[in-house]
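What follows is one structure encoded as structure tokens, with my remarks underneath.
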Amino acid sequence: MKTVGVLGFQGSVEEHLNALGKAGAAGVSVKTAAALNSIDGLIIPGGESTTVSRLLNIFGMTDPIREKIKSGMPVWGTCAGMILLAKNIIGGEPCLKMMDITVRRNAYGRQADSFKCRALIPEFAENPIPLVFIRAPWVEHAGENVQILCEIDGHIAAVRQNNMLAAAFHPELTENTAAVEYFLKMI
Ligand code: GLN
């Protein structure tokens, strides 16, 4: 069985662990650099990217995560996790600087802080799946080597670059496991 770490500082950690269980993987909360050695992949959940970025630095995890990703460990950032993976941020400071994307924080503004919709993401599933956006970012620019998986109203909402997956939405807050199953296939 694949063991998937969920960065456990803050945000929708429990929800990701539950979704992993439903999809047939073992999820473990990860809060130390040493714990990165016993997982097959890492999920960086939604939450507050500025807080998680500070905690990654305080706990000495920023460089170890970067090294693991460079050595091929699959990683998936959802919402704040997408912000943390990006090389460029509009409205904030970059953290892990691994994906060739420019991400606009809180892109949907205050009026539309949160919304739900359904979209067809062919790589994830044959039928449209439910997506939940909570004070979500979008990808303003994606580099040539980045595959765009999903666009909502002309804004990029999910991307993949080699062993890195990023989504602006929260699949772990729906009953649908298509996104987590896609990530498990990357492992
Ligand atoms: N708005 C948050 C940030 O900028 C992200 C929100 C989320 O992860 N749901 O970090």
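The values are calculated or read from the model by the stated rules, or taken from the named source; none is laboratory data. In this text, all values refer to a predicted model and were calculated from it rather than measured experimentally. Virtual Cβ from ideal backbone geometry, glycine too; neighbours counted across all protein chains shown. Note: areas computed on protein heavy atoms with side chains; ligands, DNA, RNA excluded. Shrake-Rupley method; radii C 1.70, N 1.55, O 1.52, S 1.80 Å.
Have a look at I121, I156, I129 and point out the one that is modelled with pLDDT of 95 or more, on the phi < 0 side of the Ramachandran plot and either under 15 Å from the mean Cα position of the chain (by Cα) or within 16 Å of the ligand (Cβ to nearest atom) (or both). Criteria check complete, one pass: I156. Candidates M82, M1, M73: the one that is in a loop (DSSP other than H, G, I, E, B), at pLDDT 95 or above, among the aliphatic types (A, V, I, L, M) and under 26 Å from T174 (Cβ atoms) is M73.
Here L20, L55 are screened, and the one residue that is more than 20 Å from N163 (Cβ to Cβ), open to solvent by less than 50 Å² (accessible area, probe 1.4 Å) and either away from the ligand (no atom under 14 Å from the Cβ) or aliphatic (A, V, I, L, M) (or both) is L55. V132 meets each of the listed conditions (1) under 23 Å from K87 (Cα atoms); (2) open to solvent by less than 30 Å² (accessible area, probe 1.4 Å); (3) part of a strand (DSSP E or B); (4) touching a Leu at 6+ places or on another chain (Cβ under 9 Å) apart from (1).
None of E172, E181 is out of contact with any Pro (no Cβ under 8 Å at 6 or more places or on another chain) and either open to solvent by 60 Å² or more (accessible area, probe 1.4 Å) or outside any loop (DSSP other than H, G, I, E, B) (or both) except E181.
Of all residues in segment 26-52, which are assigned to a helix (DSSP H, G or I), within 16 Å of the ligand (Cβ to nearest atom) and surrounded by fewer than 17 Cβ atoms within 10 Å (Cβ to Cβ)? Listed by number, the residues that qualify are T50, T51.
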